[in-house]
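For reference, the structure discussed in these notes is given below.
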Amino acid sequence: MTAAVEAPATTPQRPYRNPTFLGWLAGYWLSLVGDQIYFIAFAFSAAQLGDPLLTSLVSMASSIPRAVLMLFGGALGDRIGLRKLMLVSDAFRVLVMAVAALAGLGGTSMWLLVGAALVFGAVDAAYMPAVTALPALILPGDQLPASVAARQLANRGALLLGAPLGGLLVAVGGFPLACGVNAVSFALSVLILAKIRPQFETRGVREAKPRRNLLAEVGDGLRYVIGQPVLRGVFLVLTTLEFCVTGPVNLAVPLRSVAEGWGATGQGWMLGALGVGGAGGALLVLLARKWTRPVTIGLWVMLVQAVGVVFVGYGPTLPAVCAAMVAIGASGGVAGSLLAGSTQNLIPDGYRARVGSIFVLQGLGLVPVSFTLFGLLGTAVGVPAACAVCGVLIAASVAAAFTLPAIRRA
């Protein structure tokens with residue numbers, strides 16, 4: 001396997017001082033803003049057709065091909081190169097939005113919305129593994145946790161700007177204007193990302209081997225994650241976290257707001273506290289100079305989330321639950337950045353996009369399952385007890401990870 005080229009002597013010590021990384025972050029952020037505009041434009045246009053079922057269908061249409069094709073997108077990225085796939089797929093996003101804008105001039109229909117959403121989701125399946133794995137070609141390994149933290153902050157910033165902007169564009173010019181501006185945002189993203197020249201050129205370049213079909217290469221990626229104790233342990237923990245935090249945060253919070261009489265304002269305060277905590281945790285990782293034993297630290301920090309989730313169910317007052325939400329957000333920002341960044345540093349050349357696609361799919365695909373299971377559990381034993389079960393499962397997954405010698409040495 002080709003060895004990675006050492007970082008140039010002039011490589012900045014911090015990611016936020018690295019011009020190449022900042023270019024990637026700017027292009028990535030613009031594409032995230034476009035994603036928010038896309039969601040608002042398509043969901044609102046579907047709602048205007050007056051059918052709740054259709055609105056639901058349009059809203060989830062892009063997620064179906066994205067989930068089905070994600071692993072194949074990762075295999076394609078490892079085959080042709082991360083940078084090339086990132087640019088080609090982002091350019092296709094420009095084309096999809098431009099065509100939707102032109103077609104929308106004649107009026108929106110179910111077929112236009114669903115068709116464009118399906119194509120957009122399929123292209124996203126190639127774009128997401130490539131763009132999220134690219135920082136490994138830009139930064140030294142010990143800076144990859146900070147790159148994940150920067151990505152978390154970019155996600156939050158894009159949500160704050162993109163969602164209101166999408167609503168404004170639809171209100172002013174309808175579906176065609178929103179899609180047209182969206183196409184421009186993706187085009188700017190392509191122009192910025194095209195200027196990136198990775199500093200670790202050989203990372204992600206595969207050795208010459210007989211080419212296999214994509215399904216076989218997907219299987220190779222899955223077997224690689226299963227066969228590596230650290231990746232397997234981290235994947236187990238993050239999967240448990242997705243199940244056991246998403247449900248309480250999105251379902252227990254509104255249910256407790258109603259039960260305790262805190263109202264919609266109380267729910268808003270709790271979710272705002274989560275956002276503040278998450279931004280603070282990510283910022284801490286971004287600004288820290290270096291983390292020793294990041295996998296171990298990330299796992300220990302997850303225990304804070306376990307306690308916080310329990311407190312979401314049993315906190316006696318609104319300020320107490322808000323404090324728990326801050327703790328969940330902050331610990332999630334730290335643990336998520338350290339664990340995801342550290343695993344990127346462990347992935348060899350030729351597997352980055354495939355392993356990345358597995359972890360991206362894990363984050364995207366478990367949300368509806370988490371909602372369903374927490375709802376069933378809450379109905380059976382009550383919301384507080386359901387939160388307690390989730391907290392115990394998080395702690396148990398951390399304990400299970402620590403039983404692996406490779407995790408303790410990581």
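The values are calculated or read from the model by the stated rules, or taken from the named source; none is laboratory data. Since we're looking at a predicted model, the values are computed, not measured. Using ideal geometry, Cβ is built from the backbone for each residue, glycine included, and neighbour counts are taken over all protein chains shown. Note: areas computed on protein heavy atoms with side chains; ligands, DNA, RNA excluded. Shrake-Rupley method; radii C 1.70, N 1.55, O 1.52, S 1.80 Å.
Beyond 19 Å, what share of the Cα-Cα pairs of the range 17-65 remains, rounded to the nearest whole percent?
Details: 519 of 1176 pairs.
The share of Cα pairs beyond 19 Å in the range 17-65 comes to 44 percent.
Its Cα gyration tensor gives the range 100-156 an equivalent ellipsoid, and the semi-axes of that ellipsoid, as √(5λ) in whole Å with the largest first, are 36, 12, 8. When the helices of the chain are scored as -39500 (n - 2.57) per DSSP H run of n ≥ 4 and the total is divided over every residue, the value at 222 nm lands at -27500 deg cm²/dmol.
The label point for residue 197 and the one for residue 53, both projected 7 Å from the Cα toward the Cβ, are 5.7 nm apart.
State the extension gain, in nm to one decimal, for the chain segment bounded by residue 236 and residue 288, taking 0.36 nm per residue of separation less the distance between their alpha-carbons. Numbers along the way, then the final one.
On the way: separation 52, 0.36 × 52 = 18.72 nm, distance 2.64 nm.
Value of the extension gain: 16.1 nm.
Could you rank the peptides 251-260, 103-112 by their average count of other C-beta atoms within 10 Å per residue, with the highest value first? Could you put the intermediate results ahead of the total?
Numbers: 251-260: 18.0, 103-112: 14.8.
Listed from highest to lowest mean packing, they are 251-260, 103-112.
With the alpha-carbon atoms of the range 290-369 aligned to their principal axes, the span from lowest to highest coordinate is 51, 34, 13 Å, starting with the largest.
Using 0.36 nm per residue of separation minus the Cα-Cα distance, give me the extension gain between residue 16 and residue 184 in nm, one decimal. List each step's numbers first, then the result.
On the way: separation 168, 0.36 × 168 = 60.48 nm, distance 2.57 nm.
Here the segment from residue 16 to residue 184 would lengthen by 57.9 nm.
Counting Cα-Cα pairs of the range 237-336 in 5 Å increments starting at 0 gives whole-percent bin shares of 3, 14, 24, 24, 16, 10, 6, 2, 1. Under 1.5 on a/c is rounded, so check that first for the range 367-410, then, if it is not, pick prolate when a/b is larger than b/c and oblate when it is not; a ≥ b ≥ c are the square roots of the alpha carbon gyration tensor eigenvalues. Prolate is the answer for the range 367-410, as a/c is 1.5 or above and a/b outweighs b/c. Seen through its C-alpha gyration tensor, with square-root eigenvalues sorted a ≥ b ≥ c, the range 209-249 comes out oblate because a/c lies at 1.5 or above while a/b is not bigger than b/c.
Roughly how compact is the range 1-160, stated as its Cα Rg over 2.2 N^0.38 Å to two decimals? Present the calculation step by step, with values, prior to reporting the outcome.
Values: Rg = 18.0 Å, N = 160, 2.2 N^0.38 = 15.1 Å.
That ratio works out to 1.19.
Full extension of the chain segment joining residue 317 with residue 402 gains 27.2 nm, where the gain is 0.36 nm per residue of separation less the Cα-Cα distance. With each label modelled as a point 7 angstrom along the Cα→C-beta vector, the residue 26-residue 226 pair spans 4.4 nm. Shape analysis of the range 154-273 yields a ratio of the Cα radius of gyration to the Kirkwood radius, Rg/Rh, of 1.12. Measuring between their Cα centroids, the range 321-348 and the range 51-87 lie 25 Å from each other.
Computed on the Cα trace of the range 15-106, the radius of gyration divided by the Kirkwood hydrodynamic radius gives Rg/Rh = 1.05. Equivalent ellipsoid of the range 65-166: semi-axes from √(5λ) of the C-alpha gyration tensor, largest first, are 28, 18, 11 Å. Largest accessible area first, the listed residues 242, 217 line up as 242, 217 when surface is computed with a 1.4 Å probe on the assembled protein chains. Report the far tail of the P(r) of the chain, meaning the percent of Cα-Cα pairs longer than 39 Å. Here the long-distance tail beyond 39 Å is 18 percent of all Cα pairs in the chain. Rolling a 1.4 Å probe over the protein heavy atoms of the chain, with every protein chain left in place, gives an accessible area that is 72 percent carbon and sulfur.
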